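Asks: Dropping a structure here in structure tokens format, bear with me for questions.
Nothing in this text is a laboratory measurement; each read-out follows from the coordinates by a stated rule. None of the values given here were measured: they were computed from a predicted structure. Cβ atoms come from the backbone with ideal geometry, glycine included; neighbour counts cover every protein chain shown.
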Amino acid sequence: MEETMEKIGLVLLILLGVYIVIRLLNWGYKCLKEVLDSNKQRLFKPVYIKGYPLLSLSGEEKIVFFFLDVLRWVLVAILLFIAAGLTFSIFPQTEGVAMTLFSYIWDPLKKIGLSIVDFIPNVFVIIIIWFIFRYLIKGVGYLADEITTGRLKITGFYPDWARPTYVIIRFILSALMVVMIWPSLPMSSSPIFQGMTVFVGVIMSFASGPALGNLIAGILITYMRPFQVGDRIQINDTIGNVVEKTPIVTRLLTTKNEIVTIPNTSIMAAQTTNLSESAREGGLILHLNVTFCYDTPWRTVHELLIEAALKTADVLHEPAPFVLEVGFGDFYVEYEINVYIADADKTNAVTSDLRSNIQDAFHTAGISMTSKHYLNTTLTQH
């Protein structure tokens, strides 16, 4: 009887100790929260990514308090678990249960400790691999910056290729680094890691079909250099200025102020005309077709069309405008006035001004711009 009372006393003592430790733990948690809250301006710093406030002071504080709260409950759970084991170990009838409860804690801790000891040599291997690839990527980035700024010139390699090439090489080197580090990670050969790898592979295979095609097309477009940001281009029936080039799509701003998004695979399959490049390399030719009846002298038409062209703003005088006779109709001759411009963005404005100047020139000369149509009437004798 006395022995039983001693054991009950031990149980009560264990419960009292647990109660005191939990109260102390809660008190320490409350004090720590008050200290952190009163010193948050000094302890926490806002996190910005390219100017975007990703995490504020209050956000950081909430995250820290959350993890502290989780840690507090984990410690309480472990304490109760140990108390239960000690309580069961006091009585011979439940001693086996106590050993089982202790094994639930000891075995995982022992396994984790042995894994950490076994992992220590691999840590040095991972650090060495990481340093090598880190400085390789930095070296490639330095060369890319030198080429972009023009300080380093490589024959046949354009400066606008430098950054995309750096991104590709960085991705390849990073992937190679992961492949080399992967076998050194703990549990890398476990079924969990293998299942995760298969899952990621399946997701990538389903999700990256069209995206991968556009990505490859975007890379090819970069190296083909059919256009640059700011160029006015024509893709099939769409005309606009390139406002953005991404690895997946290209965006154009049309003359109607519309943003048109075109997948890069569509650009690869389409006929693309770079109007700005033509304007830079000798001038872009604009042309208008007008018709006059046969009794209007063609030399006069040529002179007036060229006169109207030279009066038009932004039309180059050299190379000079020229006129072509492009067709004979039943009642009229079709003429084509061709002018050179140096700025493709002014295509619509120049075309409109040229039309106005042509009308003024022929009205001033007293020449009608309408073609005469003759109606042949057949008389039938009755």
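Asks: List the GluC sites (Glu not before Pro) in the stretch 230-307 that DSSP assigns to loop (not H, G, I, E or B) and whose Cβ has at most 15 other Cβ atoms within 10 Å. Which are they?
Replies: Here the sparse-neighbourhood loop sites are 258, 281.
Asks: If you stretched the chain out fully between residue 128 and residue 163, how much longer would it get, using 0.36 nm times the residue separation minus the C-alpha to C-alpha distance?
Replies: Here the answer is 9.9 nm.
Asks: Let me ask you something else. Identify the trypsin sites (Lys or Arg not before Pro) of the stretch 248-288 meeting these criteria: DSSP loop state and at most 10 other C-beta atoms within 10 Å of the C-beta.
Replies: Counting only loop positions with at most 10 other Cβ atoms within 10 Å, the trypsin sites (Lys or Arg not before Pro) in the stretch 248-288 are 256.
Asks: What are the trypsin sites (Lys or Arg not before Pro) within the stretch 99-182 that DSSP puts in a loop, where the Cβ has at most 11 other Cβ atoms within 10 Å?
Replies: Here the trypsin sites (Lys or Arg not before Pro) that fit, given the DSSP loop and packing criteria, are 151, 153.
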